[in-house]
Amino acid sequence: MFADRKDAGRKLAKALQSYASRHPLVLGLPRGGVVVAAEVARALGGELDVMFVKKLGAPGNPELAIGAIGEDGHRFLNEHVAQMTGADEDYLAELAAKRLAEIEKQARHYRAVRPKASPTGRVCMLVDDGLATGATMIAAIQTTAVAKPARIVVAVPGGPDDTMEKIKAMREVTDVVCLETPVWFSGVSQLYDDFRQVEDDEVVALLKEFAGQA
């Protein structure tokens, strides 16, 4: 469906042209989402920043998201899945502390080249390279909403239909743009020909570009 994340970002930007005059704050979820977000920000004349969110994985199955935690410590939890996987409060507290430490380390690296932009009163676009369970995006939405933006727009290249419906139903969300909702969804990687891992240096280079430092 997409050659790579840059291709996805350019196609996503075309679907978001109505926001071109609003100078949106485009918040990419690291790392892959920042590459997509950079193309959107470029095309719309927006400002690029990052939204730090980490997945909380299930006991014994870290790839299964039972929730997510944001930079401010806000935690979203799928209570049903957490109970089904045996994730008790002690497990969640320990995991959340570990993920927050990872966020703080990543944030120090990124913020050294690009100070945090305030979402208050702005049109904020939350961009990722695709959604699966939606846990990290939900945490990102709830974290952003605390800052009282003018609008929250969720923009992703693709994801399963049930996840997108869950996002659309959130009262904090103004608009949702999703280009592809495959009937059979096995993971975000199926959306791409090239889904290589994005490194921190690539994200830093993009932040420098938009900060006018490169």
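Computed FRET efficiency, Cβ-Cβ of Thr181 and Ala20, R0 25 Å: what is it to the nearest 0.05?
So, using R0 = 25 Å, E works out to roughly 0.50.
Between their Cα atoms, which of Lys11/Lys105; Lys148/Lys168; Lys11/Lys168; Lys6/Lys168 are more than 23 Å away from each other?
Violating the 23 Å Cα-Cα cut-off are Lys11/Lys105; Lys6/Lys168.
Given the chain, what percent of its DSSP beta bridges are antiparallel, to the nearest 5?
Looking only at bridges with both residues in the chain, the antiparallel portion is about 30 percent.
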Item to check | the stretch 1-55 and the stretch 127-200: distance between their alpha carbon centers, rounded to Å | outcome: 12 Å
Checklist entry - Hey, if you drop one equal point scatterer on each alpha-carbon of the chain and run the Debye formula without solvent, what base-10 log of I(q)/I(0) do you get at q = 0.09, 0.11, 0.12 Å⁻¹? => result -0.32, -0.48, -0.58
Checklist entry - Cα gyration tensor of the stretch 156-214, axes a ≥ b ≥ c as square roots of the eigenvalues: rounded (a/c below 1.5), prolate (a/b > b/c) or oblate? => result oblate
Checklist entry - Using unit Cβ charges (K, R positive; D, E negative) and no other charged atoms, how large, in debye to the nearest 20, is the dipole of the chain about its Cα centre? => result 820 debye
Next on the checklist: Test of understanding: in a Gaussian network model of the chain with alpha carbons linked when under 10 Å, which of Asp90, Asp129, Asp49 would top the mean-square fluctuation ranking?
Outcome noted: Asp90
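Each value in this text was obtained by applying a stated rule to the coordinates, not by laboratory testing. Since the structure is predicted, the reported quantities are computational estimates derived from the model, not experimental observations. Please note: Cβ atoms are built from the backbone with ideal geometry, for glycine as well, and neighbour counts cover all protein chains shown.
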